[in-house]
Amino acid sequence: MSSPDDTTRQRLLAAYDAQLRTDAETPGALAVTVLGPVRLVTFGGGRGFVTYADLAGADEPTIRTLVTEAQQHFRADPGITQVEWKTRGHDHAPGLHQALVGHGFVPQEPESIMLGEAAALAALAADVALPPGVTLRTVTEEGDVRAMNAAADEAFGEPVSDQRVDALLHRLGLRDGMQLWVAEVGGRMISSGRLEPVPGTLFAGVWGGSTLPAWRGRGIYRALTAARARAALEVGKTLIHSDSTELSRPILERSGLVRVSTTTPYEWRPGPRAL
């Protein structure tokens, strides 16, 4: 007999597979091409993305063919500068790792798929006192979005990306419910994250969480997460999902979210194209 924890995990994972592995997974896509069970998605900023509800029982040769054809699809688009193939730990996908690596995809750090009740995350607010001078708000103006993105890039140790800014501004222009949240002090943004309500589902996603190193461990990320969960409840979303790094996973677990599986992104960058 399953324990209550197992029952909860199975219920949440079933909701995730049924509600989030469809068009709902790729809001803001510029184009989607269906290749058998696989969805080949083009986003702004030169990003390609591969996902699927499942691989429909594909065997190793079929999976190798899918990887080859997906790569050819993105290689044919000169605007694509990077491609992510999203895998999940609970999928039956024989030979997928070997096929991806053999085609030049590089596995990144695995992340935890975290699911749970929005109300549990929202309750964090009662337990968190922000450091003096730190405030939370949403941002919509281009200047604020650029400042938010620059702070996030700094937090992750990456160069500032105008492409990511352009993609976020495109999403805001769609008015599809995405919210950008920041924590700031003295006019400087020190932490940020997105809320993405998923149309036609019970879910909202919390994504892109980042905090500058000097401000970590002071409750800011927890408060920002709670604010996004409250915003999710306000638009009728009762479940939260996130792909969580090991840095943020313990915070989400303390809030009642459950690790139901893992996801590992495999990244590939097309080389120079022949003229």
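All of the numbers you see were taken from the coordinates with simple rules; none came from a lab. Note that the coordinates shown come from a computational prediction; the quantities given were computed from them, not determined experimentally. Glycine also receives a Cβ, built like all others from the backbone with ideal geometry; neighbour counts cover every protein chain displayed.
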Note, segment 15-20: 3J(HN,Hα) by Karplus (6.51, -1.76, 1.60, θ = phi - 60°), whole Hz, Gly/Pro = x, goes 5, 4, 5, 6, 9, 10
Cα-based shape type of segment 168-272, given that a ≥ b ≥ c are square roots of the gyration tensor eigenvalues and the cut on a/c is 1.5: rounded
Across GLN82, GLN98, GLN179, the residue with the highest GNM fluctuation in the chain (Cα network, 10 Å cutoff) is GLN98
Expressed in nanometres to one decimal, the distance between label points 7 Å along Cα→Cβ at ASP153 and LEU174 is 2.2 nm
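Under the definition of Cα pairs under 8 Å and six or more residues apart, what whole-number percent is the relative contact order of segment 115-261?
That works out to 35 percent.
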Which residue, ILE240, ILE113, ILE63, tops the fluctuation ranking in a GNM of the chain built on C-alpha contacts under 10 Å? ILE63
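Could you tell me whether the chain comes out rounded, prolate or oblate from its Cα gyration tensor? Rule is a ≥ b ≥ c as square roots of the eigenvalues, rounded for a/c under 1.5, then prolate if a/b exceeds b/c, otherwise oblate. Walk me through the intermediate numbers first.
Numbers: a/c = 1.92, a/b = 1.29, b/c = 1.49.
It comes out oblate by the Cα gyration axes.
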Counting only GluC sites (Glu not before Pro) that are in a DSSP loop and have at most 10 other C-beta atoms within 10 Å, tell me the longest site-free stretch of the chain. 1-140
Treat each spin label as a single point 7 Å out from the Cα along the C-beta direction, and report the LEU35 to ASP59 distance in nm. 2.1 nm
Ranking request for peptides 50-59, 28-37, 224-233: highest mean number of other beta-carbon atoms within 10 Å first, then the rest in descending order. 224-233, 50-59, 28-37
Between ASP166 and THR68, what length comes free when the chain is fully extended (0.36 nm per residue of separation minus the Cα-Cα distance, one decimal in nm)? 32.3 nm
Gaussian network model of the chain, Cα springs within a sub-10 Å range: biggest mean-square fluctuation belongs to which of GLY209, GLY102, GLY186? GLY186
Which shape class, rounded, prolate or oblate, goes with segment 14-60 when its Cα gyration tensor gives a ≥ b ≥ c as root eigenvalues, a/c under 1.5 marks rounded, and past that a/b bigger than b/c marks prolate? oblate
Would you calculate a helix-derived [θ] at 222 nm for the chain, using -39,500 (n - 2.57) for each DSSP H run of n ≥ 4 and dividing by the full residue count, to the nearest 500? -10500 deg cm²/dmol
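What is the sum of charges, Lys and Arg at +1 and Asp and Glu at -1, for the other residues whose Cβ falls under 15 Å from the Cβ of PRO199?
My count for the surroundings of PRO199 gives 0.
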Residue-wise HN-Hα coupling along segment 201-217, computed from phi with Karplus coefficients 6.51, -1.76, 1.60 (Hz; x: Gly, Pro): 9, 8, 9, 10, x, 10, 9, x, x, 8, 9, 4, x, 5, 10, 6, x
In whole Hz, what ³J(HN,Hα) sequence does segment 27-39 give by Karplus (6.51, -1.76, 1.60; θ = phi - 60°), x for Gly and Pro? x, x, 5, 7, 7, 9, 10, 8, 10, x, x, 9, 10
